[in-house]
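J.: Got a structure here, written out as structure tokens. Questions coming.
The values are calculated or read from the model by the stated rules, or taken from the named source; none is laboratory data. Fair warning: this is a prediction, and the values are worked out from it, not measured in the lab. Note that we place each Cβ from the backbone using ideal geometry, even for glycine, and neighbour counts take in every protein chain shown. The area values use the complete protein model at the heavy-atom level, side chains included, leaving out ligands, DNA and RNA. Shrake-Rupley method; radii C 1.70, N 1.55, O 1.52, S 1.80 Å.
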Amino acid sequence: MKKLFTLVALLTCFLGAKAVEVVDAEMDFSKYSDISEVKFASWGGSESARARLSIKDGCLHFHSEEATDPSWDCQFFPIGGVNAEIGVTYTLYYKVKGTVAQNVSMLGFGQTPYGQFPITTDWVEGTVTYEAASSDGNILMQCGDYVGDWDIAYLKITHEQAKEDRPVVWLEQLTNGDAETPWGELGEVAYNDQENNFKVCAWGKEKGHNLDDNGAWNPFPATIEAEAGNESNHVFVVHGQVADTEGDPSAWDNQFWIQAPNAKVFKVGAQFKLSFRYKASEAATTNTQFHHQNPSDYVFYQAIGDINFTTEWQTYEGIVTVPDAATDAWSIAFNLNPQNKNAVDFYFDDISLSMMQLDEGWFVASSNAETGISYDYDNALEFADAGDGLMVATVGEVGKKDTWVNELQISTIRGHRGSFLGSTIKPDRTPDGTEEDWMNFVPGSNYKIKLPAAGVWTIYIDPEGMQIVFVQVEGDEIKVKEPIEVVPNPTEVIVKGQERDDLADTTNQDGTVTINEEEGGTGQPWDNQFFIVANRPLAAGEVTVVSFKYKASVAGATSGTQLHGDPGAYLHWNAIGSFNFTEEYQDFEKTLTIPAEADGMKSIAFNMAEIKGACDYYIKDIVWKLEDNTETLINMEGSDNFYVKEGAGTTPYIFGTDPSAIQGVSKAANASAAAYNLAGQRVGADYKGIVVKNGKKYVVK
């Protein structure tokens, strides 16, 4: 047990503050006269969507004479750019009218799974209110199944919070962003030593230049040249080289980077101001990414959207919010290879990157929704030095019940709401309130720590060991969860698996793809499926036990398993392993710890079409419980927790019910042609995320 100290720091709780409305994102299409002026979120949209969109009478106008197949071939991002906060209630305001009354699919800004955006034949100014379940800050509309015309006048997303955020102070981070000083005059800089190259704010890469021993061309401090026609001004230049005459060029053959100083990594949820001037020797469109410490060390496919270069100087100005997927990035990469194969020169000047002036250390904010205590991030309590390498803070005030709290967020940043939330920590379990209950923690963006009871709590942190303990000083009685008797559910589930076409490429359990050289096949291992569905979402780190008996009508039948949200909502490729069925019942039991990639999962999916032939699969005596036996995750009788899918294209249904009934579960969309991730690797039909198919980008859910 670690030694505890008696140092106590009191937190003043703020009560009863009047809520203020915060506008998170807004798009008023009356400001634009042409679709080329509209800066859509993320990567904009697919080619089929761009072909159908225009600005007409001050509205975003959509015109389609035929549906696309699949419907998500036509998709675009009309609004976004700011991360959503999980658990916060948002309101989407819109004004829309169409020639056909029909809903179109919409996803994003905390919504998951797909929502429905209503289009009617009369102008409607409406709202959609929802609680954010993810941090995705962009709205995606998929409208390939809409045939007709619609117009959107505006979109706006807001939420209410207890008080306004405090004003932000911005600090410039870059040295030599105007390119007026040669790199050598800034002092001795070792370009390959990240401890010393912090003054290099811009990097370049040119195909075939600066080769290493393996023939690869590497980044170098961006070339600085006098501007043609304006010799007194200097600019950063990347002389883009001609792409291969055979095959398709890679977007990253020629690149440019804007890099933050050493140790100034971008924190998830934080914001930074970015501005620069840019032009090229001929018109070209580039995409942008987040990269890690070293240029070319890819992190995330999306940074500040596509940049359209012309032969005249333009200026980019924006406030960038760092998404969850860009953890510890610290550069913005421009993939300069244009769609044509010409040699294009790209020019950048007057680069500015400003970050917020924030407090760094250890800070705790607390709440108690039952008594009206709201999180106050700007005034989060700072931990004090308790000696022996420990930090300590106490929330709530002894003897004052109206200050008791039951929920915490602990962060390493204070001074900006999004930055605080992006730098929180996540303990590996719920505390029990005793001095002995030290637990490990990891970074956990936007993580809220549920306390076992309301009260005054002292928290000790061991930053070096990444351990934490919560000790209740006074408060409500902590109710200890007692073990319960868990018995197997006796339902015998039978999945009547249908024969599948086995000519398609197959995605294996480790994520690799087995290519079938024959064309025309559509069969996949998930054409037949079985799902064990929990009664509640499970958090990453929860430890569970799964057991059952299983057999099949065909010896040698196999099955792999995945983790899903609702049945069909894929999250992670591995669950409880793979199975070889026999014609006699076998016993199975395994401890399953929910991985971070499947936080919020509800279902264990069995892919039961891994053999071509039809087969009946039998599973019974199913148990899914917490490891400590304090909770069963499924009912101990009945079939409500068991879904089956029998045949390609069918919808999962509750075993024992009418298969034609609507069960309200989502159906995964599968790609209908070869698809590739943004690194150019071929992926299977169950790959989730951004894919490139037939030269176009899509989001596959």
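J.: Grab the Cα-Cα distance for His209 and Glu382, subtract it from 0.36 nm times how many residues apart they are, and report the gain in nm with one decimal.
T.: Details: separation 173, 0.36 × 173 = 62.28 nm, distance 5.02 nm.
Here the answer is 57.3 nm.
J.: Please list 428-439, 584-595, 364-375 highest first by mean number of surrounding beta-carbon atoms within 10 Å per residue.
T.: Numbers: 428-439: 15.5, 584-595: 13.2, 364-375: 19.4.
Descending packing order for the listed peptides: 364-375, 428-439, 584-595.
J.: When ligands, DNA and RNA are left out and all protein chains stay put, how many square angstrom of accessible area per residue does region 561-622 have with a 1.4 Å probe?
T.: Working: 2530 Å² over 62 residues.
Per residue, region 561-622 has an accessible area of 41 Å².
J.: Test of understanding: extend the Cα→C-beta vector of Glu26 to 7 Å, then name every residue of region 64-94 with backbone N under 16 Å from that spot.
T.: Only 79-82, 91-94 pass the distance filter.
J.: Could the peptides 482-494, 41-53 be put in order, highest first, of the mean number of other beta-carbon atoms found within 10 Å of their residues?
T.: Values: 482-494: 14.5, 41-53: 19.6.
Descending packing order for the listed peptides: 41-53, 482-494.
J.: Continuing with this model, one more query. On average, how much accessible surface per residue is there in region 290-414, in Å², for a 1.4 Å probe, leaving out ligands, DNA and RNA?
T.: Numbers: 4900 Å² over 125 residues.
Result: 39 Å² per residue.
J.: From the phi angles alone, apply the Karplus equation (6.51, -1.76, 1.60; θ = phi - 60°) to region 574-589 and give each ³J(HN,Hα) in whole Hz, x where the residue is Gly or Pro.
T.: Result, ordered by residue: 10, 10, 10, x, 10, 10, 10, 7, 10, 7, 10, 4, 10, 9, 9, 8 Hz.
J.: Taking 20 Å as the cut-off for C-alpha to C-alpha distance, list the pairs among Lys401/Lys426; Lys401/Lys479; Lys156/Lys279; Lys39/Lys273; Lys612/Lys645; Lys39/Lys156 that go past it. Write out the running numbers ahead of the final one.
T.: On the way: Lys401/Lys426 27 Å; Lys401/Lys479 18 Å; Lys156/Lys279 32 Å; Lys39/Lys273 17 Å; Lys612/Lys645 16 Å; Lys39/Lys156 15 Å.
Listed pairs above 20 Å: Lys401/Lys426; Lys156/Lys279.
J.: In nm, what is the difference between 0.36 nm times the number of residues separating Asp476 and Thr591 and their Cα-Cα distance?
T.: Values: separation 115, 0.36 × 115 = 41.40 nm, distance 3.31 nm.
Working it through step by step, the gained length comes to 38.1 nm.
J.: I've got another one for you. Considering only protein heavy atoms and a probe of 1.4 Å, how much of the accessible area of region 368-430 is carbon and sulfur, as a whole percent? Walk me through the numbers before you get to the answer.
T.: Values: 1060 of 2310 Å².
Taking all protein chains in place, region 368-430 shows 46 percent carbon and sulfur surface.
J.: Also: I'd like the carbon and sulfur percentage of the solvent accessible area for region 552-654, probe radius 1.4 Å, heavy atoms only, ligands and nucleic acids excluded.
T.: Details: 1700 of 4040 Å².
About 42 percent, which is the carbon plus sulfur part of the accessible surface.
J.: Another question, then. Using amide H atoms built in the peptide plane, which far-off residues or other-chain residues are under 5 Å from Thr630 H to H?
T.: Ile484
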